[in-house]
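Quick note: the coordinates plus some simple rules give every number you see, no bench work behind them. Note that the coordinates shown come from a computational prediction; the quantities given were computed from them, not determined experimentally. Because the Cβ atoms are built from the backbone with ideal geometry, glycine has one as well, and the counts that use them run over all protein chains shown.
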Amino acid sequence: MDYTGAGTVRTRGEAEMLLKNGSFYYEKRLVSGDLRVTGETIAAFSPQTAGGLVPLANEEVLELGGAAVIPAFLDIHTHGAVGVDVNAASAEDFEKLARFFARQGTGSFLCSILTDTEEQTERAIQAFLDWRKLPHAGADLLGIHLEGPFLSPKHKGAMPESLLRTPDYDLIARYQEKAEGHIRYITLAPELPGAIELIPKLRALGIVTALGHSDADYRTTEQAIFAGARAATHTGNAMRAFDRHEPAIFGAVLASEEVYCEMISDGLHLHSGSICLYLQAKGLDRAIAITDSIMAAGLPDGEYMLGVNAVVVKDGDARLKHGDARAGSTLTMARAFRNLRKFTGRPTAELVPLLSENAARLLGEDKRIGNLTPGKRADLLILKDDEIHRVMLRGAFCNFD
């Protein structure tokens, strides 16, 4: 499924379409039935046990022959793909990403800005705003994720240490004003001075706080969760490890019933057994599959950039050129889906929340996207032999020719 071209998506028609005799993700399971799309919206669903839906006059009917239909994916943590680095992207680059991600089954995403200078961060924010003025095809860019700059030097990963800083409300308020309210998500280390006090202020700005790149102990993490932190960034990576005497941030986020845990399911950042452990600890409603992809996703091994960092990709594994830390991934959501099936042995219906529903709920987007309930946007994937066969976004099938 990896695809290096921009792709095209036809303009949706206003006519209704009936997807007939499919196996649709509905109320946490796959249910045989029919689904009607009107314009950009899922208009109706009827299970076969209730008689299905009768085609309307002049309605286009697509016979699915029992194929599974699931919601399009939602990736809340990506730094780029197909030669595009979010920190350096133009508006046109963001559109290139949107079309590539659509090919991978992603219907919506956040662009993740790596810790950078104020000037470069604001430049990336402006590029996002410029993208919003373009005609769009492909995945919907919902907003911005700031990964930093309030992170621990001890667990900086690919973050440039010289640009890390202590929590500063005024800085984020300026960024949010610049972004016209479109910063949706931020990663911070809760042990930094003023970090816990900052969390409710971020929430008031419309920003969801994730904990990560952190050396926090268990108690500090609990305090951050109580203050309103709702997620953990790439859980188990770039954070203090679990110890039986001091479970630390890693143990606290796994133990919490409130926190969503991001997972990079590439087989490199996490062992398959770790992913199974996360699902046992969090359940299927508090784990979120992400890519943490960089500009090398969809491209061959070689040398690339991640923000200010030079990166070398060998055998699909991205690492800093100067140092041995991993620097994001080359993962796509389509491959994450395949890996999760392989790693966990769970059926498709159990994995759907990890790939769409949970992230939509975390961002407060669950009234619009994330499942196939009538009234939601018609972003869906038709599977064939458990692989993505067709992609529908905003009520129209994507065309990648």
**Prompt:** Contour minus end-to-end for L205 and D301, with contour as 0.36 nm per residue of separation and end-to-end as the Cα-Cα distance?
**Reply:** 30.6 nm
**Request:** Over segment 282-401, consider all pairs of different Cα atoms and compute the Kirkwood hydrodynamic radius from their mean reciprocal separation; express it in Å, one decimal.
**Result:** 16.3
**Prompt:** When the distances between all Cα atoms of segment 23-104 are binned every 5 Å from zero, what whole-number percent does each bin get?
**Reply:** 3, 11, 18, 16, 12, 10, 11, 10, 6, 2, 0
**Message:** Whole angstrom only: what separates the Cα centroid of segment 34-98 from the Cα centroid of segment 174-212?
**Reply:** 30
**Message:** Give me the extension gain from K342 to E119: residue separation times 0.36 nm, minus the current Cα-Cα distance, reported in nm with one decimal.
**Reply:** 76.0 nm
**Message:** Show me the ranking of peptides 279-286, 187-194 by mean Cβ neighbours inside 10 Å, starting with the highest.
**Reply:** 187-194, 279-286
**Prompt:** Once the other residues with Cβ under 12 Å from the Cβ of E122 are scored (Lys, Arg +1; Asp, Glu -1), what is the net sum?
**Reply:** -1
**Inter-label distance for D130 and L320, nm, one decimal - labels placed 7 Å from Cα along Cα-to-Cβ** = 3.0
**Message:** I need two numbers for segment 142-207: Rg to one decimal and Dmax as a whole number, Cα atoms only, in Å.
**Reply:** 11.5, 33
**Fill in**
With -39,500 (n - 2.57) per DSSP H segment of 4 or more residues and division by the full residue count of the chain, the 222 nm estimate, nearest 500 deg cm²/dmol, is -7000 deg cm²/dmol
**Message:** Straight-line reach from K154: which lysines fall under 24 Å, measuring Cα to Cα and dropping same-chain residues less than 8 apart?
**Reply:** K321
**Asked** Quick one: of the DSSP bridges fully inside the chain, what percent are antiparallel, nearest 5?
**Response** 55
**Largest-first ellipsoid semi-axes for segment 80-209, taking √(5λ) over the Cα gyration tensor eigenvalues, angstrom** = 26, 15, 13
**Message:** Net charge around C276, counting only other residues with Cβ within less than 14 Å of its Cβ (Lys, Arg = +1; Asp, Glu = -1)?
**Reply:** +3
**Complete:** Across the alpha-carbon set of the chain, Rg over Rh with Rh taken as the Kirkwood radius works out to 0.97
**Complete:** Listed by chain and number, the lysines with an alpha carbon less than 18 angstrom from that of K342, same-chain partners under 8 positions apart left out, are K384
**Request:** Can you list which of the trypsin sites (Lys or Arg not before Pro) found in segment 338-400 are DSSP loop residues with at most 16 other C-beta atoms within 10 Å?
**Result:** K367, R368
